[in-house]
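Below is one structure; the comments refer to it alone.
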Amino acid sequence: MKICVYPGSFDPITNGHLDIIKRALKTFDEVYVAVLHNPEKEPNFSFAQRMKMVKESVSGMKKVFVESFDGLLVDYAASKGACAIIRGLRAVSDFEFEFQMALTNAKMQPRIETVFLMTGYKYSYLSSSLVMQIARLGGDVSDLVPAAVNKELKTIKKTERGK
Ligand code: PNS
């Protein structure tokens, strides 16, 4: 059984992330979507909100499991018996940080490979922070995020604009 872990802060999950999960399922038997409990920067959404949105977005996808993790990613991946960590690559600008992370993780846990999957060209420009910016300014992001996220973003927009 080939198990992979797809980690991230998912703040929030976008259609680009979902595209990567679907691609990972072509190669791996099970995908564990691992939501980082404590991202370094202040997240837009609470941990509970991020988990809820990820869970709702992948509901109905067989062989996809949503869990949280804290601490070292390689320790979590090893605890799941994963042979790979999946990361999506959009543009060359992603590469430097991803390369550094992959090498560091390989140093700590040589048994686990980092596998980079290219996001579909439709999503190559998409990021959680762009989605947040558009939503905060009242733009329509319904084509960019799963329905569960769009719903949550509407409440954020209302709260922030009401300030
Ligand atoms: O969605 P993101 O924010 O790009 O995901 C980054 C993530 C969660 C993969 C990264 O911050 C991470 O792995 N954090 C856990 C701590 C860790 O293992 N650090 C060493 C990796 S070099």
Kindly indicate the residue of segment 1-19 that is surrounded by fewer than 24 Cβ atoms within 10 Å (Cβ to Cβ) and aliphatic (A, V, I, L, M) and also farthest from the chain's Cα centre (by Cα) among those meeting that condition.
1
Filter segment 23-44 down to the residues that are free of Cβ contacts under 8 Å to residues at least 24 places away in the same chain and either more than 11 Å from the ligand (Cβ to nearest atom) or surrounded by 20 or more Cβ atoms within 10 Å (Cβ to Cβ) (or both) and list them by number.
26, 42
Assuming residue 86 fulfils every condition listed in (1) on the phi > 0 side of the Ramachandran plot; (2) in contact with a Phe, Trp or Tyr (Cβ under 8 Å, 6 or more places away or on another chain) apart from one, which condition is it?
(1)
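Go through segment 66-75 and report how many residues are crowded, with 17+ Cβ neighbours inside 10 Å and more than 8 Å from the ligand (Cβ to nearest atom).
Restricting attention to segment 66-75, the residues satisfying the condition of being crowded, with 17+ Cβ neighbours inside 10 Å are 66, 69, 73-74.
Then keep just the ones that are more than 8 Å from the ligand (Cβ to nearest atom); that gives 66.
The number of residues fulfilling the criteria is 1.
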Residue by residue through segment 50-65, note down the ones that are under 19 Å from residue 145 (Cβ atoms), more than 15 Å from the ligand (Cβ to nearest atom) and at pLDDT 95 or above.
52, 55, 56, 58, 59, 61, 64
Being more than 14 Å from the ligand (Cβ to nearest atom), surrounded by fewer than 16 Cβ atoms within 10 Å (Cβ to Cβ) and assigned to a helix (DSSP H, G or I): is that true of residue 107 here?
no
Answer yes or no as to whether residue 57 is within 23 Å of residue 154 (Cα to Cα), in contact (Cβ under 8 Å) with a residue 12 or more places away in the chain and out of contact with any His (no Cβ under 7 Å at 6 or more places or on another chain).
yes
Residue under question is residue 92, and the condition is that it be buried (at least 18 other Cβ atoms within 10 Å of the Cβ) and either within 13 Å of the ligand (Cβ to nearest atom) or over 18 Å from residue 34 (Cβ atoms) (or both); does it hold?
no
Only residues that are more than 15 Å from residue 53 (Cα to Cα) and either within 16 Å of the ligand (Cβ to nearest atom) or of a type in the set (Ser, Thr, Tyr) (or both): list them for segment 128-142, please.
129, 130
Counting only residues that are crowded, with 17+ Cβ neighbours inside 10 Å and without any contact (Cβ under 8 Å) to a residue 40 or more places away in the chain, how many does segment 45-54 have?
2
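The values are calculated or read from the model by the stated rules, or taken from the named source; none is laboratory data. Keep in mind the model is a prediction, meaning the values are calculated, not measured. Please note: Cβ atoms are built from the backbone with ideal geometry, for glycine as well, and neighbour counts cover all protein chains shown.
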